Amino acid sequence: MKQIFLVKIIFFLFIITNSILLFSMNKKRADHCITIFNNEKAPYIKWIATGKKKVEGRVNSPFFKKLKVNDRVIFYSKKQDYVLCEIIFLHTYENFYEMLLEEGVENMLPETKSINVAGNVYLSFPGSNRVKKYGALAIGVVPLEAQY
């Protein structure tokens, strides 16, 4: 029993150490680190890395006010997947639907065909209700390096 517990602790420490090394290494090359949801159904990191997803959408909260064109940003997931990008534009909108209409659903959620479905995807993210207060932000990105 103690051996299994010890193995779990060592594995946990290994994962944490790798995460710290990965992000400390990449932080030197990036101006910003931003978490992103990433799974088999919605592989956002892969889509950004391959150029399929050209625009990342967010609530335009105070955190994102520090982003600037030509900054480098790392989008990363809990699984240590990441994509390092350069920001090529920042566009602000009143809401997600306006953003999706202007930027194009295919540029933001490549495998979603309908603006209504795409809008519902954005509204399903935690904290999305803050869009009423802050508006939406479209971050145009060009991938530079990735691991997924």
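Every number here is computed from the coordinates shown, using simple stated rules; none is lab data. Predicted model, so just to flag it, every value in this text is computed and none were measured. Neighbour counts run over all protein chains shown; Cβ positions are idealised from the backbone, glycine included.
Would you check if N129 is under 25 Å from E40 (Cβ atoms) and of a type outside the set (V, I, T)? Can you show your working first?
On the way: under 25 Å from E40 (Cβ atoms): no; of a type outside the set (V, I, T): yes.
Considered against the rule, which asks whether it is under 25 Å from E40 (Cβ atoms) and of a type outside the set (V, I, T), N129 comes out as no.
Evaluate segment 85-101: report whether one residue or more is surrounded by fewer than 20 Cβ atoms within 10 Å (Cβ to Cβ), at positive phi, part of a loop (DSSP other than H, G, I, E, B) and not hydrophobic (A, V, I, L, M, F, W, C). Lay out the reasoning, then the answer.
Start the filter on segment 85-101 by keeping residues that are surrounded by fewer than 20 Cβ atoms within 10 Å (Cβ to Cβ), which leaves 86-95, 97-98, 101.
Subsequent filtering for residues that are at positive phi retains none.
No, segment 85-101 contains no residue that is surrounded by fewer than 20 Cβ atoms within 10 Å (Cβ to Cβ), at positive phi, part of a loop (DSSP other than H, G, I, E, B) and not hydrophobic (A, V, I, L, M, F, W, C).
State which residue is surrounded by the fewest Cβ atoms within 10 Å (Cβ to Cβ) when the search covers only segment 103-140 and only residues that are among the β-branched types (V, I, T) and either in a helix (DSSP H, G or I) or in contact with a Cys (Cβ under 7 Å, 6 or more places away or on another chain) (or both).
V117
Out of everything in segment 35-52 that is more than 16 Å from A118 (Cα to Cα) and among the hydroxyl-bearing types (S, T, Y), what residue ends up being nearest to the chain's Cα centre (by Cα)?
Per the stated criteria, the residue is T35.
Within segment 60-81, can one find any residue that is closer than 20 Å to N39 by Cβ and of a type in the set (F, W, Y)? Walk me through how you get there before you give the answer.
So in segment 60-81, the residues closer than 20 Å to N39 by Cβ come out as 74-81.
Imposing the further condition that a residue be of a type in the set (F, W, Y) reduces the set to 75-76.
Yes, there is a match, as at least one residue in segment 60-81 is closer than 20 Å to N39 by Cβ and of a type in the set (F, W, Y).
For segment 40-70, give me the residue count where each residue is under 16 Å from P110 (Cα atoms) and in a loop (DSSP other than H, G, I, E, B).
So the count comes out to 9.
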